[in-house]
Amino acid sequence: MRIGAAAGGDTAMIKRVLWSLLVLLALAGLLVWMLNFWGGPRIHDLPPTTPPGADQVARGAYLARAGNCMLCHTERGGASYAGGRPIATPFGTVFSSNLTPDAATGLGGWSAAHFRRALHEGRSRDGHLLYPAFPYNHTTYVTGADADALFDYLRSLPAVSKPNLPHRLRWPYHTQAALAVWRALYFRPEKFEEDPAHTPEWNRGAYLVKGLGHCGACHTARNALGGTNELTDLSGGLIPMQNWYAPSLSSSNQAGVADWPLAEIEQLLATGTTPRATVQGPMAEVVLHSLQYLEPGDIRAVAVFLKSLPPTPGDTDPREVPQASAALLARGGKLYEQQCAQCHGDRGKGVPGAYPALAGNRAITLPVTANLVQMVLNGGFAPATRGNPRPFGMPPFATHLSDAEVAAVLTYVRASWGNRAAPVSELEVTQQRSSTRP
C-alpha cells in the first residue's frame, strides 16, 4: 500500500510540475504578445497629398545625412534610397527597403503616422515587425518633428519602382514569432529626455549619438542573439560579419576622448584625421557619407557629449601582457624594415599629415587585433573629406605577405617603440583572411 501511495504521489507531483510549466509558458507567450502586438489603435491615416515645403525638405535631408540613411538604403550602383542593399548578419542576409515615394514598392502609401511608428516602434505600414538591422532601438529616440521632416524629405525624392527583396534568414529567425521574442528581450520604445544637469549643447550631442547617429549599433558588443546590454553602451564591440572592431568610446586605451581638446575631437569627426588618429574601415564610411556634412554646432555637440563619457578602466595590466619570442620579433622587424619603414619610419614615428605614427598609437595596441589585420591584408584608407580632400592610404598586402608574415610584422609593431601589446597569432590572420575572402 505504501509503495502504491508513493507512486501515486510521484505521478501527481509530475502532473503539477507539468501544469506549472504549461502555465508559465502560456504567461510568457502572453507577455511576448502584449509587448509586441498590443500596441495601440490601428493607423488608418492616408498618405499626404500636398507637397512638403522647401524648408522642411531641407531639414529632412540634413537629418537623413546625420543618420547616414542613404548608405544602407542604396544598392551599389542603384538609385538613391531605392533599397536592395544586402546587409549580412549572423542569422542570414537582410535587404534594405525602398524609401522612395513609389506607391507600389516604396513609401507612397505611407502616412507620417506610419513613418513615425516605423522609427519609434519598429513596425511596417501594415503593422508587421521589422528586423533590427534597421536600428529602431536608436531611431526610437528621434523626435516626432524630426521624424516628420525625414518623411517629408523622402516623399520629395523621385519615385523609383523597385520591389523589396525577400530576406534570406535561416529558420527560425525569419519568423515573426522569433522576432517578437527578440523584441521582448531587447527592445522597448523610448523617448529622448533632456538631462537638466547638462547644457543644451551636451543634450544635443546625446540626442544625435543615441538617436539618428546610432553610434551604439557598432560601438556596443552584441550577444549570441544580436542583443545589446545598455550597461555596456559604447564600450566597444566587434561588428558582426564585417570583422572590424568598433573600439570603446569611453576607454582611454581605445577610442575615449575625455582627455582630448574639443577642437581635436571636432577635427576627427569632421575630417577623419588628426595628428594622433585617423579613422578607417566602417568609421571612414560614416565620416565620408555623414559626419563631414554636419553643421559645426552639431559636430561640437557630439564632441562635447563624447568627451563627457565616464572613463572606463584599462583593458589589461601591461605587466600581464604575454611577450613574443625573440625569433618572432626579429622576423617581424626584418619585414617591417622591408615593407613598412619607408612610410612609417625606422622608429615608427610616421610623417605628420601623411602616414600615421605607430609608436604610441593606441589603435596599434587595441586588445582586439581585427582592425590591424584588416588594414594589412586589405589596405588602410582614410575618407576623402572637405577638410582632408586628398588623404594618404596604405596599399593591401594580402597577396604579398603570408599569414605568418602578417602576424610577425604586427607582433613586432605592437611590441616596439614603447608599445606593449600581446602578439598576433597566425591563426588570427588566417581567420580574418578566410572570412573576408570573396
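Structure values in brief
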quantity: Pairs where the first residue, in the range 85-112, is farther than 16 Å from Ser161 by Cβ and without any contact (Cβ under 8 Å) to a residue 24 or more places away in the chain and the second is among the small types (Gly, Ala, Ser) and surrounded by 18 or more Cβ atoms within 10 Å (Cβ to Cβ), C-beta under 7 Å, 6+ apart; calculated: Arg85/Ser96
quantity: Any hit, the range 310-323, residues being assigned to a loop (DSSP other than H, G, I, E, B) and modelled with pLDDT of 95 or more; calculated: no
quantity: Among the candidates Thr365, Thr399, residue that is out of contact with any Pro (no Cβ under 8 Å at 6 or more places or on another chain), part of a loop (DSSP other than H, G, I, E, B), surrounded by 21 or more Cβ atoms within 10 Å (Cβ to Cβ) and assigned by TED's automatic domain parsing to the domain that holds Leu427; calculated: Thr365
quantity: Search result, residues across the range 193-220 that are without any contact (Cβ under 8 Å) to a residue 60 or more places away in the chain, crowded, with 16+ Cβ neighbours inside 10 Å and outside any helix (DSSP H, G or I); calculated: Cys215, Thr220
quantity: Search result, residues across the range 123-142 that are over 21 Å from Pro240 (Cα atoms) and touching a Phe, Trp or Tyr at 6+ places or on another chain (Cβ under 7 Å); calculated: Arg125, Tyr141
quantity: Which numbered condition Glu285 fails, given (1) of a type outside the set (Ser, Thr, Tyr); (2) closer than 17 Å to Arg386 by Cα; (3) surrounded by fewer than 17 Cβ atoms within 10 Å (Cβ to Cβ); (4) free of Cβ contacts under 8 Å to residues at least 60 places away in the same chain; calculated: (4)
quantity: Yes/no for Tyr141 being in contact (Cβ under 8 Å) with a residue 40 or more places away in the chain, over 17 Å from Gly211 (Cβ atoms) and assigned to a loop (DSSP other than H, G, I, E, B); calculated: no
quantity: Failed criterion for Pro163 (all others in (1) in the same structural domain as Gly78 (by TED's automatic domain parsing); (2) modelled with pLDDT under 95; (3) surrounded by fewer than 16 Cβ atoms within 10 Å (Cβ to Cβ) hold); calculated: (2)
quantity: Residues located in the range 81-97, provided they are under 21 Å from the mean Cα position of the chain (by Cα), under 18 Å from Asn68 (Cβ atoms) and not in a strand (DSSP E or B); calculated: Tyr81, Gly84, Arg85, Ser96, Ser97
quantity: Only one of Ile87, Ile43, Ile3, Ile14 that is hydrophobic (A, V, I, L, M, F, W, C) and modelled with pLDDT of 85 or more; calculated: Ile87
quantity: Qualifying residue in the range 341-362 (condition: surrounded by 14 or more Cβ atoms within 10 Å (Cβ to Cβ), closer than 17 Å to Val424 by Cβ and under 21 Å from the mean Cα position of the chain (by Cα)); calculated: yes
quantity: Boolean, Val302 is touching a residue at least 60 places away in the same chain (Cβ under 8 Å), of a type in the set (A, V, I, L, M) and in contact with a Gly (Cβ under 8 Å, 6 or more places away or on another chain); calculated: yes
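The values are calculated or read from the model by the stated rules, or taken from the named source; none is laboratory data. These figures come from a predicted structure and were not determined experimentally. In this analysis, Cβ positions are derived from the backbone assuming ideal geometry, glycine residues included, and neighbour counts consider all displayed protein chains.
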